[in-house]
Amino acid sequence: MLVGLALISLAGGVGITALGPGGVLPTIGLFALTGLSAPVVAGTALVTHVATGIAGTAAFTRSGQLRRPHIRRTALILAAAAAVGTPLGVLVNAHLSQRAFGYVLAVVVAAVALLLWYRERAGVGRAAADHAAAPVPEHHPGTAAIAGIGAVVAVTGGIVGIGGPMLAVPLLIACGVPVLESLAAAQAQSIVIAAVGSVGYAAQGAIDWPLALLVGVPELAGVFLGWRIAHALPTRTLKRALIVALLVLAPYLAATA
């Protein structure tokens, strides 16, 4: 079980910075393999995202994305929304039964798989447009749209124990934000979601600290590996594998809730 959790967490870390979605994998591992209560699953998974969020933010600052004013603006709006939305998610989690938590997690996993699939199709469409010399222009959503995305992501993250990139990246890309810019902005939001949510769950005594260490260390290693993959390699195969895995896991989580 411990080896399985460590490997799942490593894969989750890679997914966080290479694709955006990925942070849900440690939550899935804790829920499926440990028998912990819903608050402890969410709290233990969420506290690991403090370090991964900091690492991801540092990595994308180093590579230049977070030094650009419009990306910093997006990141700050997402982070502000997280400060408000995350406590609400923690509160909702406290009122969920174990079965309801499993259903919510299954829905989130399926939604992310569909968003990834949409992102893949949209990427194919953009590539075709570029080839036809009619590229699709980049689009930067307004403050209200970014704040809405940030609030939805933060509440969901607080409920199931995930950071920002899992949902924020596909949603931003769906709004026309480039991939690396979406990845960079979501890392900063992840710090706020994880920090605020961890305080809430710690106040309930709902964090298993030894398991958080077991999950967090390989997840953090995966973050740096995923950042290199995002900049150096095409991620289409990895993306498609994650879509298939999430679509398989969603009904499994619902069935075992």
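The values are calculated or read from the model by the stated rules, or taken from the named source; none is laboratory data. These figures come from a predicted structure and were not determined experimentally. All Cβ positions, even for glycine, are placed from backbone atoms using ideal geometry, and neighbour counts span all protein chains on display. For the accessible areas, the whole protein counts, side chains as well, though only heavy atoms, and no ligand, DNA or RNA atoms are used. Shrake-Rupley method; radii C 1.70, N 1.55, O 1.52, S 1.80 Å.
The label-point distance for Val152 and Val107, in a model that sets each label 7 Å from Cα toward Cβ, rounds to 1.3 nm.
For the pair Arg99 and Thr34, label points projected 7 Å from Cα toward Cβ lie 2.4 nm apart. Hey, any idea what % of the chain's accessible area is carbon plus sulfur with a 1.4 Å probe? Reported share for carbon and sulfur atoms: 72 percent. Classify segment 146-216 as rounded, prolate or oblate, taking a ≥ b ≥ c as the square roots of the eigenvalues of its Cα gyration tensor: rounded when a/c is under 1.5, otherwise prolate if a/b is larger than b/c and oblate if not. Cα axes put segment 146-216 in the prolate bin.
Phi angles of segment 167-179 translate, via the Karplus equation with coefficients 6.51, -1.76, 1.60 and θ = phi - 60°, into HN-Hα couplings of 9, 5, 5, x, 5, 5, 5, 4, 8, x, 7, x, 4 Hz per residue; Gly and Pro are given as x.
Positive-end ranking of Val179, Leu214, Gly29 along the dipole of the chain, with charges on Cβ about the Cα centre, is headed by Val179. For segment 189-236, the solvent-accessible area works out to 48 Å² per residue, with a probe of 1.4 Å and every protein chain left in place. In the chain, helices alone account for a calculated mean residue ellipticity at 222 nm of -28500 deg cm²/dmol, with every DSSP H run of four or more residues adding -39,500 (n - 2.57).
Convex hull of alpha carbon positions in the chain: directionally averaged projected area 12.2 nm². Relative to the longest principal axis of the Cα atoms of the chain, helix 236-256 runs at roughly 30 degrees. Surface analysis of segment 44-101 yields an accessible area of 44 Å² per residue, using protein heavy atoms and a 1.4 Å probe.
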